[in-house]
Amino acid sequence: MQATAGAIRVDVGEVSLEVFELGGGAERLVFLHDLDYLNGLDYPFLQALAQGRTVLAPSHPGFGASSLPDDFDTVEDIALVYLDWLKRAQAPLHLVGAGFGGWIAAEMAVRCAHLIRSLTLVDALGIKVGDRGTVDIQDLFVLGASELVQICWHDRQRGEREMPLPAPGTGFDEDTLTLLLSQRRTAALMGWNPFMHNPKLRKRLQRLDLPTLVVWGAADRLVTPEYGHAYAQAIPGAQFVIVDAAGHYPYLEQPDEFTATLEAFLSQA
């Protein structure tokens, strides 16, 4: 592992991962970030989770400073890279996936649950709930910045200040805007068709036999709480928790409640 600014670099096969690390406890937790998210450690919920444990927050291949091989075009490709990484990262460990990262985490868990001590899915994408004519996941690639904030945040004014969207007037410098556009391009490559889900994943979730928590923001309209409830029902023994006054990012809008809920779960896992 080679140290870089604020992160370590980990080579996994042909992928060079950027991994942010916080804390120093023996217990280890991996956080897999969402699509519209600037990865790093300056988030209160990560700071809180790192009290007494080590938190690892990798940037997905094609996100942040992590490389993207030319032949990667599915979420499964990312999931397998992370599983190869976990094999040498003192597994089993706690795995938390949010949104797009929740989809990746679920794909990992149905393949190699023995590497995972517990699984937490936060407003996760990845499954199909309704019939072919039902829109389970709103098309975030065609919505404008204002519309995305409206469906993703309970507190719209806060969302306008904090949601990292590659749009004019957001206050980001050119390098950050380029990064955000690149990340969206990677997400579209991985999840365009079928849109942001694996048709086989929902049935595969019944294979899981590990402590699982599904957390959902009550005001999430990108993927609604009803979708989240269906996600939890597909996983044997999963707990389902709603976070009030939060949208698609409960860990950002309600970090104290989110971390308290997660810590209570982890203490029993």
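Coordinate-derived values only; no laboratory data. Note that this is a predicted model, so its numbers are computed, not measured. Quick reminder, even Gly has a Cβ in these numbers, built from the backbone with ideal geometry, and neighbours come from all protein chains shown.
Based on DSSP, what percent of beta bridges with both residues in the chain are antiparallel, to the nearest 5? Present the calculation step by step, with values, prior to reporting the outcome.
On the way: 13 of 37 bridges.
Of the beta bridges lying entirely in the chain, close to 35 percent run antiparallel.
Over all directions, what mean area does the Cα convex hull of the chain project, stated in square nanometres?
13.0
Name the residues whose placed amide hydrogens come within less than 5 Å of the amide hydrogen of GLU27, ignoring near sequence neighbours (fewer than 5 apart) on the same chain.
THR54
Among DSSP beta bridges whose residues both lie in the stretch 1-139, state the antiparallel percentage, nearest 5.
DSSP beta bridges in the stretch 1-139 are roughly 50 percent antiparallel.
Helix hunt in the chain: which complete DSSP H runs extend at least 15 Å axially by C-alpha with mean Kyte-Doolittle at least 0.0? Intermediate values should be presented prior to the final figure.
Numbers: long enough: 75-86 (17 Å, 1.12); 174-191 (25 Å, 0.09); 255-266 (16 Å, 0.27).
Qualifying helices: 75-86, 174-191, 255-266.
Let me have the 222 nm mean residue ellipticity of the chain computed from DSSP H runs of 4+ only, each contributing -39500 (n - 2.57), with the sum over all residues rounded to the nearest 500.
About -9500 deg cm²/dmol.
Between GLU174 and LEU143, what is the label-to-label distance in nm when each label sits 7 Å out along the Cα-to-Cβ direction?
Label-label distance for GLU174 and LEU143, simple model: 3.1 nm.
Sketch the reach of a paramagnetic label on SER267 as a point 7 Å from Cα along Cα-to-Cβ, and name the residues of the stretch 199-214 whose backbone nitrogen lies under 19 Å away.
Residues passing the 19 Å test: 211-214.
Under a point spin-label approximation (7 Å from Cα along Cα-to-Cβ), what is the LEU41-GLN239 distance to one decimal in nm?
Taking the two extended label points, one gets 2.8 nm.
Please sort by residue number the chymotrypsin sites (Phe, Trp or Tyr not before Pro) in the stretch 17-110 whose DSSP state is loop and whose Cβ has at most 10 other Cβ atoms within 10 Å.
Hits after loop and neighbour filter: nothing returned.
Starting at the first residue of the stretch 37-50, write each ³J(HN,Hα) from the Karplus equation 6.51 cos²θ - 1.76 cosθ + 1.60 with θ = phi - 60°, in whole Hz, x for Gly and Pro.
For the stretch 37-50, the Karplus-derived couplings read 7, 9, 5, x, 10, 8, 10, x, 5, 6, 4, 5, 5, 7 Hz, x marking Gly and Pro.
Which chymotrypsin sites (Phe, Trp or Tyr not before Pro) in the stretch 126-224 pass both tests, a DSSP loop state and at most 12 other beta-carbon atoms within 10 Å? Walk me through the intermediate numbers first.
Numbers: sites: PHE141, TRP153, PHE172, TRP192, PHE195, TRP216; in loops: PHE141, TRP153, PHE172, TRP192, PHE195.
Those that pass, being in a loop and sparsely packed, are TRP192.
Please give me, ordered by residue number, the trypsin sites (Lys or Arg not before Pro) of the stretch 191-225 that lie in loop per DSSP and have at most 13 other Cβ atoms within 10 Å.
Listed in order of number, the matching sites are LYS200.
Quickly work out the HIS114-to-ALA188 label distance, labels modelled 7 Å from Cα along the C-beta direction, and quote it in nm with one decimal.
Here the modelled spin labels are 4.1 nm apart.
Quick check for you: which residues of the stretch 20-48 have the amide N under 19 Å from the point 7 Å beyond the Cα of SER67 toward its beta carbon?
20
Could you tell me the center-to-center distance, by alpha carbons, between the stretch 128-144 and the stretch 210-269 in angstrom?
One Cα centre to the other: 20 Å.
Given q = 0.10, 0.15, 0.21, 0.22 Å⁻¹, what are the Debye log10 I(q)/I(0) values for the stretch 1-120, with equal point scatterers placed on the Cα positions and solvent ignored?
For the requested q values the scattering log ratios are -0.25, -0.60, -1.29, -1.44.
Under 4 °C and 1.567 mPa s, how fast does the stretch 174-261 diffuse according to Stokes-Einstein, given a Kirkwood radius computed over C-alpha pairs? Answer in µm²/s, whole number. It would help to have the intermediate numbers written out before the result.
On the way: Rh = 14.9 Å.
The estimated diffusion coefficient comes to 87 µm²/s.
Report the FRET efficiency, 1/(1 + (r/R0)^6), for ASP131 and LEU181, where r is their Cβ-Cβ distance and R0 is 35 Å, rounded to 0.05. The partial results should precede the final answer.
Numbers: r = 33 Å, r/R0 = 0.95.
It comes to 0.55.
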